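The values are calculated or read from the model by the stated rules, or taken from the named source; none is laboratory data. This structure is a prediction, so every number in the text was calculated from the model and none was measured. Virtual Cβ from ideal backbone geometry, glycine too; neighbours counted across all protein chains shown. What goes into the accessible areas is simple: the full protein's heavy atoms, side chains included, and nothing from ligands, DNA or RNA. Shrake-Rupley method; radii C 1.70, N 1.55, O 1.52, S 1.80 Å.
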Amino acid sequence: MIDWFSGNEGYIQGALVAALLAASVQVALRAGVLSFASVGFYGVGAYGTGYLTATQGWGTAPAATVVVIITMVLSWLLALVLARLRALYLAMATIAFVLLVQIGALAWDSVTGGPLGLFGIPPALGTGGVALILAGVLAVNALTQRGAVGRRLLLLRKDEALASALGVNVRHQHQIAFVWSAVLGSLAGISQASLLTVFTPENLGFSVMVSALTALVVGGTWHWSGPLIGGVVFSWFLSAYLGFASDYRGVVEGALTVVVLVFLPKGLAGLFELLDPGRLRRAAAGPTGGPGGVSAGVPGGASTGQDRPVPAQEMGVSS
Amino acid sequence: MTAVLELRDIKVRFGGVKAVDGVSLALEPGHLHALVGPNGSGKTTVVNTMSRLVTPTDGQVFLGGQDVTAAGPHEVYRRGLARTFQGIRLVEGLTVRENVLLGVQELPTARSRAGRRRAAEAADEALERMDVHHVAQVAPAALPYGVQRRVEIARAVAGAPKILLLDEPVAGMSAGERQEISAVLGRLRDDGMTMLLIEHDLRFVLGLSDHLFVLNFGQLLAAGDPAATAALPAVQEAFLGRKHVPA
Amino acid sequence: MRHRARTATCLLAASVAILTAACGSSGSSGGSAAGDVLKITYIADTSGPGAFYGKDYVAGAEYAVDQVNAEGGVGGRTLDLEVVDSASDQQTAVGAMTKAVKSDSSAVMYALLSQNALAMAPIAQRSKVPFIVGQSGVDGIAEAGDYVYRTTTSEGRFYEAMLSTLHDQGASSTAILYASDNPTAVTNATKTIPAIAEKLGMTITETVPVKTADTDYSQPASRIADSSPDVVADLTFGPAVTTSIQALREAGFDGPLYGTSALGAGALKPAGAAAKDTYYPSVFIPSPKLPWASGTSFLSEYQKATGSAPSFSAAGGHDQVMFLVAALQEIGEGDVTRESVKDALASVAGKGFVGATGDPVRFVDRAAVTPGVLVRWDGEAETVAPDQPSPLLAAYTG
Amino acid sequence: MSQQLVNAIALGSIYTLFSLGLTLSWGILNVLNLAHGAIFTAGTMFAFLLTEHAAGLPFAVVLVAALVGSALLAVLMEAVAFAPIRARSANALDAEMRTLIASVAVASIIVTVVGIQSDHQPYALPQSLLERHRYDLLGVHVSNVQILVLVAAIVLSVLLVLFVRRSRYGRAMRAVAFDRTAAGMVGISARTLQLAAMALSGALAGVAGVLLAVYLGAADAHMGDSFLLKAFAIIILAGVGSLEGAVFFAYALALVETLVGYYLGGDVRDALAFVLIVVILVLRPQGLAARQGWQRA
């Protein structure tokens, strides 16, 4: 067991960081915020920790603390700036933000080491430390999946107008989700820097966003365990056991993702849910859970599958 | 007697379109008001302005005597303005009871442990009041349309609002279901709830409301006693749709 | 029931942490391989974007192992080369590295992406496993510690001779086009070349950064052509090589080009005649004119054994193995442990060993120093450039 | 200076061809199609394979073949991934997110296959396919390929604008862009319309890919990525779904990038598109050229 673990430690580390990163996208998404900004803060976390420890000689704990505080401040400001954007527009703006972070990482030589990156970052956290961070994050996410917070999140992502009409301060909730997402991204970055001991601009950017989102969706977008499952599948199993087919890894990942998207809307975590008898009882009473929307407005009315929740501004025009 | 809710010279413009053009009205405590008008007359915009989903281009909104023109929708809800929407908007993935809990859980009074217990009690009470407590643990999508509508109203009244706005609650309903909702609204009025009912069917509100507002082309065409107002030639004309002469 | 589910959730999440934390602290003795078979783990990017080079490294290493085993092994032991694909992916490479250090391999080798090598080297050093890196553009790798070696010369060290050759041919000014997202290119463009140019009295007319992912080189090319340099350094990679060369020609620059070994191995083929008169340094090219005998004999023997000419990658892979073999010869019948291998590597590094890329391949600060060769692309094929100093690297003899 | 202008026009033409296809799929299907770059790359690979296996084909034939191949690939993607996902998504946010990820997944498949096919090395269309010539006009270098790219961009954008304005399909597409339930009104099923939009989008990507491969001289599996992000900037500047706006801002961005690159350096130029995305989205989410704010929600 211990030998097996230590032989796989590198892959496990990869899975842990991937899970943290996927969770960072998830916590935004479950409040209805399609944001990749956390991947940018992954860079902030990694470079910040790397700079403070490797270059400035700080200890990892104070460095990480300062970096998380910086992340909170920056992400709060960014949330204020992006407050008006939703859905694909927010996604687009945050993709641009991540790429700007990457460009900044390349250009800001004195802190980031430029294209060479930072190396010699002290490996202080270790696999156990990162696992603890992840466990804490997942526990918080699991606890907030149900109950009053869980209901509020569900309401937020399914119907913003209704949420605000029921007393939810939508903008404020989105900002909280945005900051929490950024903090998780930053923690992923801190972990990655500490585990790998190097961080370069190539560790950042578009492909990182893609892997985080893919791991999340394949693992299960709406379940707290989704990021963990996705991280393990993509960063561990596919890295370690694909073997002869590794040239086709992109094909395997892509095909797996499409299949899950089409046939398993709840991701691989949805498979476990099927085994939960409590769920079945509720399902028998009608469709529940999952990424559904508000129920159809008019009985028998056409549902094309693409009606948007009507933006508040438009409602008046249509009455 | 101060109005529970008052609009003063509200104007709303979307791009170049004047959706609401200078509407003033006041809702009296304990009354069931009806706001009628043909499709496209701006009814929903008026309600959205009241519930603060739409910010008026011009004019003011008063709730309980206080200017709430700049407040957010969640703030007016916390101050006692609840509403329903034109389409059914129950959250899939939550049971009926959980949906109704949404109506109370964001209120400032629900913050403490004791507050949460009281909120749960209020939700259960609302379920009973709307006679949907027997389906509390059911997924709403499985229910008939009329029942879903009552669940929505339960959610809206669970937070003990001072005023309730209902946006076309009987649209698309069978005669039986209309009757059901009509009875529910009557009971709420008897309990002293101030309400504004938006409806495009003039006949439906005639027997039900205490006070009638008629909206056409974004302007208030007439207001007052339901039967007398409905009988006005301009109102008749607007509803029968012969000639439209903006007043 | 709800409550129970929540408790279970917490327990599960917590158990993840405890499990991994508990296991994380355990160490491994590391495999000391005595006996008949000696295991070596070769981690290489044999799939993904690096595969083109990675496969050749493996081929060269496998060839070397076969040669050694055919002659009865070393110190009575045969070599067993376990090849692990790191798929041009950092996480996979690190995963393979942690697995390898826990295995019974006596040494680990890796070739290609400096990004990955940088992350792997500290793991090797921490776990006290000899780690021999082949090609890698950056200098920092061998700094990880005394278990880590690099068997190729860093390219920038060849630039002085390359520029002197061009200078001798009449070039008195140069412009530089470089990929600003590549650490090697940045160092060479902003430090190495300017220093050499100053020494030679050459002027630098323009230094233009581009990104590897850039798609339009006409504007940087115009800037360079407008400055009318005699020669241009093209320090780009991948398709940018062709694109930038074509853009330079279209912008009106007709002189010689020079650059990194990324220009080799077929990168110039798509550019064809446009790339005529392009120079780059290499540790090896498959040419019978190679100025050192161990290189030409490797070329002919490899060709005989495999039927194809070895690329510089194959030569690099071969030399990684030969370095280790030299160390094992040093150990002889003695105990082979990771520590003894490390000590033997240090001893060999002091003396040098015979490799395809030099005779001897020597080491300074655990990084190889080899003679090198200047390559010229004549529009159709790569040849050993005429009139080049031999060895290309003056420091090699000194 | 005038040389920079020539360069900017050629770059703008490539941006135009690429962005038009992308704005179609975003405007009509509400798909942020991150596989557009991969289809563009696939177009170059189709052309490459064709020239390898059937040397001597005229350039026009190769171009059309790549166009058809890319269109089919896009239709396949719509039919196998996007459509089933849309049909199973309950609301807009969910559908948008899931198709976005599906497009990334499809891109990963295509890029991997092209990578294996090309041995992860740059590949080039044969020089003989289109002989390059350089002309010196008043001290400015212009190549025949630059002229070709410009002409193709102008012709295709005019054709596309006319198609969208005048034809029944085009009107239906525009109607759908403003009101998602409107397709039926014009007598064309939403299904057909979606496939047509994807085919058109893929065809444009294929043409852009082949022209770019000829223009640049080489291609590789990842060449589409950087265009994708530039195209997003262009679409956001123009307002989603605005073809004329996309054409205008494609050239505007190319010009500004070229000038900024010339005077301020590469890092500023690289950041430009992304800064523009954020600034425009924050200040004027409907884009600079769009008529009204229907996209904002």
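Check each residue of region C:200-219 and keep those whose accessible area, probe 1.4 Å, is at least 50 Å² smaller with all protein chains in place than in the chain alone; give them in order of residue number. Buried by 50 Å² or more upon assembly, which counts only protein chains, are C:K211, C:T215, C:D216, C:Q219. Each residue of region C:231-242 was assigned a 3J(HN,Hα) from its phi angle through the Karplus curve 6.51 cos²θ - 1.76 cosθ + 1.60 (θ = phi - 60°); the sequence is 9, 10, 7, 10, 9, 10, 9, x, x, 4, 4, 4 Hz, with glycine and proline shown as x.
Could you tell me the center-to-center distance, by alpha carbons, between region C:50-108 and region B:85-143 in angstrom? Answer, in whole Å: 64. Using the Cα centre of the protein assembly as shown as origin and beta-carbon charges of +1 (Lys, Arg) and -1 (Asp, Glu), tell me which of A:V183, C:Q125, C:L81 is placed farthest towards the positive end of the dipole. Of the listed residues, the answer is A:V183. Each stretch of four or more DSSP H residues adds -39500 (n - 2.57); spread over every residue of chain C, this sum gives -13000 deg cm²/dmol at 222 nm.
Could you work out the mean count of beta carbons from other protein chains within 10 Å of each residue's beta carbon in D:271-284?
Counting other chains' Cβ atoms within 10 Å and averaging over D:271-284 gives 5.
Just B:R178, B:R83, B:R52 to compare: in a GNM of chain B, with alpha carbon springs under 10 Å, which one fluctuates most? Highest fluctuation among the options: B:R178.
Listed by chain and number, the aspartates and glutamates placed with their C-alpha closer than 13 angstrom to that of B:K162 are B:E28, B:D191; residues fewer than eight positions away on the same chain are left out. Rolling a 1.4 Å probe over the protein heavy atoms gives the protein assembly as shown an accessible area of 35 Å² per residue. Leaving out ligands, DNA and RNA, what percent of the accessible area of region B:90-159 is carbon and sulfur, probe 1.4 Å? Whole-percent figure for carbon plus sulfur exposure: 48. Buried area at the A:C interface is about 3600 square angstrom, summed over both chains, from accessible surfaces computed with a 1.4 angstrom probe. Taking a straight Cα-Cα cut-off under 22 Å and skipping sequence neighbours fewer than 8 places away in the same chain, the lysines within cross-link reach of B:K18 are B:K43, B:K243.
Summed over both chains, the contact between D and A buries some 4800 Å² of accessible surface at a probe radius of 1.4 Å. On region A:2-205, 68 percent of the accessible area sits on carbon and sulfur atoms, based on a 1.4 Å probe. Computed from the C-beta positions of C:T306 and C:T383 and an R0 of 25 Å, the FRET efficiency is 0.70 to the nearest 0.05.
Take each residue of peptide C:82-90, count the partner chain Cβ atoms within 10 Å of its Cβ, and average: the result is 4. In the assembled protein chains, B:S174 presents an accessible area of approximately 60 Å² (probe radius 1.4 Å). Using the average count of surrounding beta-carbon atoms within 10 Å as a protection proxy, the listed peptides B:63-70, C:268-275, C:375-382 rank, highest first, as C:268-275, C:375-382, B:63-70. Across peptide C:180-186, the average count of Cβ atoms from other chains found within 10 Å of a residue's Cβ is 5. Amide H to amide H distances under 5 Å link C:Y258 with C:V232, C:A233, C:D234, C:Y279, where only residues 5 or more positions off or on other chains count and H is placed in the peptide plane. With the simple spin-label model, which puts each label point 7 Å out from Cα in the Cβ direction, the D:A60 to C:K191 separation comes to 5.7 nm. The mean sequence separation of alpha-carbon pairs under 8 Å and at least six residues apart, normalised by the residue count of chain D, gives a relative contact order of 35 percent. Ligands, DNA and RNA left out, the 1.4 Å accessible surface of chain D is 68% carbon and sulfur atoms. Between chains B and A, what is the buried accessible area summed over both chains (1.4 Å probe, protein heavy atoms, nearest 100 Å²)? Using a 1.4 Å probe on protein heavy atoms, the buried area is about 3400 Å². Computed on region A:29-127, the Cα convex hull volume stands at 112 Å³ per residue. For region A:2-205, a simple Cβ point-charge model (Lys and Arg +1, Asp and Glu -1, everything else neutral) yields a dipole of about 900 debye relative to the Cα centre. For chain D, the membrane-span-like helix rule (DSSP H, alpha carbon extent of at least 18 Å along the helix axis, mean Kyte-Doolittle at least 0.0) picks out D:2-29, D:36-53, D:59-77, D:92-117, D:144-166, D:190-216, D:224-238, D:243-264, D:266-283; this says nothing about an actual membrane. Extension gain for A:V111 to A:T65 (0.36 nm times residue separation, less C-alpha to C-alpha distance): 14.8 nm. Most tightly packed first, judged by the mean number of other beta-carbon atoms within 10 Å of their residues, the peptides A:193-202, B:156-165 read A:193-202, B:156-165.
Simple spin-label estimate for A:W4 and A:R171 gives 5.4 nm between the two label positions (7 Å along the Cα-to-Cβ direction from each Cα). For a 22 Å ceiling on Cα separation, which of these pairs sit above it: C:K289/C:K351; C:K39/C:K304; C:K39/C:K99; A:K158/B:K11; C:K276/C:K304; C:K55/C:K128? In this structure, C:K289/C:K351; C:K39/C:K304; A:K158/B:K11; C:K276/C:K304; C:K55/C:K128 lie more than 22 Å apart at Cα.
Sorting the segments C:361-369, C:325-333 by their residues' average number of neighbouring beta-carbon atoms within 10 angstrom, most packed first, yields C:361-369, C:325-333. What residues from region C:147-164 fall in the zone where the backbone N is under 11 Å from a label point 7 Å along the Cα-to-C-beta line of C:A394? Backbone N within reach: C:160-162, C:164.
When both region D:188-233 and region A:35-88 are represented by their alpha-carbon centers, they are found 35 Å apart. Taking the Cα centre of region B:1-121 as reference, the dipole from Cβ charges on Lys and Arg (+1) and Asp and Glu (-1) amounts to some 420 debye. The modelled label-to-label distance for the pair D:L5/B:D9, using points 7 Å beyond Cα in the direction of Cβ, is 5.5 nm.
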